[in-house]
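Only one structure is covered here, and it is reproduced in the block below.
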């Protein structure tokens, strides 16, 4: 099972709704790969933007949204393989759930000045998703990877990953952490390669699309590709031994997008959030290894279970004496991180749990690490999963105030 763990940004409705304080325009961070785009870096006129939109659409197959969703399903990049035909919808009136959280407000504000054509252009780029496929199939060599726009999270993420590998009782030497950088959109050769591998575009169509994408991205309003929306994600993924045409057999991965790291830094949670999100994604690799994605639940409830379990795994590691062993003040910050990642899509296939449920799950993991057991004892992951399933009904109980 492969899984894309998208953070709760309403990308699918970007073309129609939404408004995500625009970050100051800045030049793209220097990369080890050559950027082949030769377009001038300046905002396009409305006419130019609309022409690019038409150019993009002309290269896309009929019913392209469904086709790209099928690509993700084939590669295991969403939750459809966890769902059954009958989806058990949760009644949203039973739960307290804010329409937005501070981090989603920040993302909304960041596209407030975009025109409808800007939104549509960005929407198509996000559907094509070349940054994700480039990170999955063609990551840079390990010694050239950096995390964050300026590499500011590189040490934290690498050290935290080593800590997670030594803490949990699963094989993890086959997992690698890779960054997702927005300025990949300016490198036409990389984008074309990713589009061909993921979607099967011909070399000519992939090159044409890559040129249009580079022109769109290489504008100040899109931060020269580094606008956080393009990389507002972090996820765990396993190829499960299945080779990818044109890419070989990719290693299992945790992908950390610059955009999500930037978003939490803007809220003063950067260092804590990077550790918490990485630990959450590692929790999903535990679930791969221990077959913990399997349960009697279906649809949104099945996804919610696995997400809340990963929150608990993360909080346990972050609190534990033999894990990150964060101070109480830092614990409060990472609880806030999990709260901010909650969503209210009760019957959506990607439902991760409400903010309150996610904070409860993290609090349960914290308590397990600091109160319930001998402080330096680390629970086996099989035992942890069984304990979580017993407490799950309490974590998802209705909490609306009547």
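Laboratory data are not the source of any read-out in this text; all were calculated from the coordinates shown. Please read all numbers here as calculations on a predicted model, not as lab measurements. We place every Cβ from the backbone using ideal geometry, glycine too, and count neighbours over all the protein chains shown.
Taking the Cα centre of each part, how many Å lie between segment 107-184 and segment 190-255?
After rounding, the separation between the Cα centres reads 11 Å.
Would you mind estimating how fast segment 171-224 diffuses translationally, via Stokes-Einstein at 37 °C and 0.692 mPa s with the Kirkwood radius over Cα pairs, in µm²/s? If you can, show how the numbers build up before the last one.
Details: Rh = 12.3 Å.
The diffusion coefficient I find is 267 µm²/s.
Which distance in nm do the two modelled labels at residue 322 and residue 296 give, with both placed 7 Å along the Cα-to-Cβ direction?
3.3 nm
Rg (Å, one decimal) plus Dmax (Å, integer) for the alpha carbons of segment 287-342?
13.3, 37
Modelling each spin label as a point 7 Å along the Cα-to-Cβ direction, I'd like the residue 390/residue 57 distance in nm, to one decimal.
5.7 nm
Rg and Dmax of segment 324-383, using alpha carbons, in Å: what are they?
13.6, 39
Within segment 105-120, whose backbone N sits under 20 Å from a point 7 Å along Cα→Cβ of residue 50?
Under 20 Å, as judged by backbone N against the label point of residue 50, lie 113-120 of segment 105-120.
For segment 145-194, state what percent of all Cα-Cα pairs lands in each successive 10 Å bin, counting from 0 Å until the bin that includes the largest distance.
22, 38, 28, 12, 0
When only alpha-carbon atoms count, how far does segment 244-402 stretch along each of its three principal axes, as whole angstroms with the largest first?
Here the Cα extents, ordered largest to smallest, are 49, 35, 34 Å.
Using the Cα atoms of segment 210-264 to build a convex hull, what is its mean projected area in square nanometres?
Values: hull surface 19.8 nm².
Hull-based average projected area comes out at 5.0 nm².
Can you classify segment 180-330 as rounded, prolate or oblate using the Cα gyration tensor, where a ≥ b ≥ c are the square roots of its eigenvalues, rounded means a/c under 1.5, and otherwise it's prolate if a/b beats b/c and oblate if not?
Values: a/c = 2.59, a/b = 1.43, b/c = 1.81.
Oblate.
Mark the label point 7 Å from the Cα of residue 367 along Cα→Cβ and return the residues of segment 274-318 whose backbone N is within less than 15 Å of it.
Backbone N within reach: 312-313, 315-316.
Please compute the length gained on full extension between residue 43 and residue 142, using 0.36 nm multiplied by the number of residues separating them and subtracting their Cα-Cα distance. Mind dumping the intermediate values first?
Values: separation 99, 0.36 × 99 = 35.64 nm, distance 3.42 nm.
Between residue 43 and residue 142, full extension yields an extra 32.2 nm.
Once you place label points 7 Å from the Cα toward the Cβ at residue 377 and residue 66, how far apart are they in nm?
5.5 nm
Using only alpha carbon pairs under 8 Å that are at least six residues apart, calculate the relative contact order of segment 135-253 and give it in whole percent. Working shown, then result.
On the way: 117 pairs, mean separation 32.8, N = 119.
Dividing the mean separation by the residue count of segment 135-253 yields 28 percent.
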